[in-house]
Amino acid sequence: VHQSKLDFFCKLGYGKQDICKVLENLGQEALEDDVLKELIRMGSKPQALENQPQPSQLKLVARGSCSTTPGLKWLGEDESDASNCLRPIVIDGSNVAMSHGNKEVFSCWGIQLAVDWFRERGHTYIKVFVPLWRKEPPRQDSPIADQHILEELEKQSILVYTPSRKVKGKRVVCYDDRYIVKVAYEKDGVIVSNDHYRDLQNENPEWKWFIEQRLLMYSFVSNRFMPPDDPLGRHGPTLSNFLSKKPVLPEKKWQPCPYGKKCTYGNKCKFYHPERPHQAQLSVADELRAKTKVPLALGKEEERCQCSP
């Protein structure tokens, strides 16, 4: 008995000397729970806990100074994990700029407003596609406002120019919509545009599904970029779930009955009644039918037993 108890507490990680002392004090017939309580009272700890390194305390650092404490590293890791959960954003620059300029002026400030809105949400992958000929000086038939914003976004590796060239005095422009849809499809991201891309939907069935499910429309209200809270309709996902890779399902909430205690539907009412905490799932008629079926079935079994030899 002594050896079995010694082996048992040794497996838990306690030292042999402490175990022998306790067994001498309590006797060989002491219960295991009593031995364990005595070991804890003596302050004995398992070797696994004693060998664990103590967590380093975080030091206070003056504001504005740099620090390489592990606590700050963990904070950085959490932020990177949060940004990885957000979908990449691909913005149709021409559509956004013309929409902000009332379809009369190519307003680059509208592109900046859209980029800032997604930056504040924590999106790290943001790409804006604009035709290359927008770098040229503005003309009367194609006015541009705040053209310097395009240069700043290009330096930040956010703006991408789709190629174009001139052949015998005529400008040859590549289809920028194809770039937008292709990059968003490959990155499994979101397209920001009010265009429906119907020609590209008919061209590729995979792109058709992607455009229908990942197109984020928007509006400008007093120089404020505002996407809808329900991008896919009233019964679709919320905006935060639409823009995240791991959507969060809302908790099911019971809607209280509008009639309250005056409700005449009884147990068939689909709404929540606080005065009925143990509401039965079956109606009264269904409960009576279920109760009458049980004795009828028992009576038939007895008749069969009597008839059988």
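The values are calculated or read from the model by the stated rules, or taken from the named source; none is laboratory data. Nothing here was measured: the structure is a model prediction, and the numbers come from that model. When we count neighbours, we look across all protein chains shown, and the Cβ atoms used for this are built from the backbone with ideal geometry, even at glycine. Keep in mind that these areas ignore ligands, DNA and RNA; they rest on the heavy atoms of the full protein, side chains included. Shrake-Rupley method; radii C 1.70, N 1.55, O 1.52, S 1.80 Å.
Given +1 at the Cβ of Lys and Arg, -1 at the Cβ of Asp and Glu and no other charges, the dipole of the stretch 82-243 around its Cα centre is 460 debye to the nearest 20.
Considering only the other residues whose Cβ falls under 10 Å of the Cβ of Asp188, what net charge follows from Lys and Arg at +1 and Asp and Glu at -1?
Details: positive: Arg87, Lys187, Arg214, Lys245; negative: Glu186.
Charge balance near Asp188 sits at +3.
With θ taken as phi - 60° and the Karplus curve 6.51 cos²θ - 1.76 cosθ + 1.60 applied, the whole-hertz 3J(HN,Hα) list for the stretch 224-237 is 10, 6, 9, x, x, 6, 10, x, 10, x, 5, 9, x, x Hz, x standing for glycine and proline. Taking every C-alpha pair closer than 8 Å and separated by at least 6 residues, the mean separation divided by the residue count of the stretch 113-231 gives a relative contact order of 21 percent.
For the stretch 82-243, with all protein chains present and a 1.4 Å probe, just round the carbon and sulfur fraction of the accessible area to a whole percent. The value for the stretch 82-243 is 48 percent carbon and sulfur by accessible area.
Hey, any idea what % of the stretch 1-42's accessible area is carbon plus sulfur with a 1.4 Å probe?
Summing carbon and sulfur atoms, their accessible area is 51 percent of the total for the stretch 1-42.
When you filter the chymotrypsin sites (Phe, Trp or Tyr not before Pro) in the stretch 149-249 for DSSP loop state and at most 14 other Cβ atoms inside 10 Å of their Cβ, you are left with Tyr175. Set the Förster radius R0 to 41 Å, insert the Cβ-Cβ distance between Leu132 and Cys269 as r into 1/(1 + (r/R0)^6), and round the FRET efficiency to 0.05. Approximately 0.05, to the nearest 0.05.
Modelled spin-label separation between Gln147 and Leu36, with each label point placed 7 Å from Cα along the Cα-to-Cβ direction: 8.0 nm. Restrict the search to the stretch 183-246; then list the trypsin sites (Lys or Arg not before Pro) that DSSP places in a loop and that have at most 10 other Cβ atoms within 10 Å of their Cβ. Loop-located and lightly packed - Arg224, Arg234.
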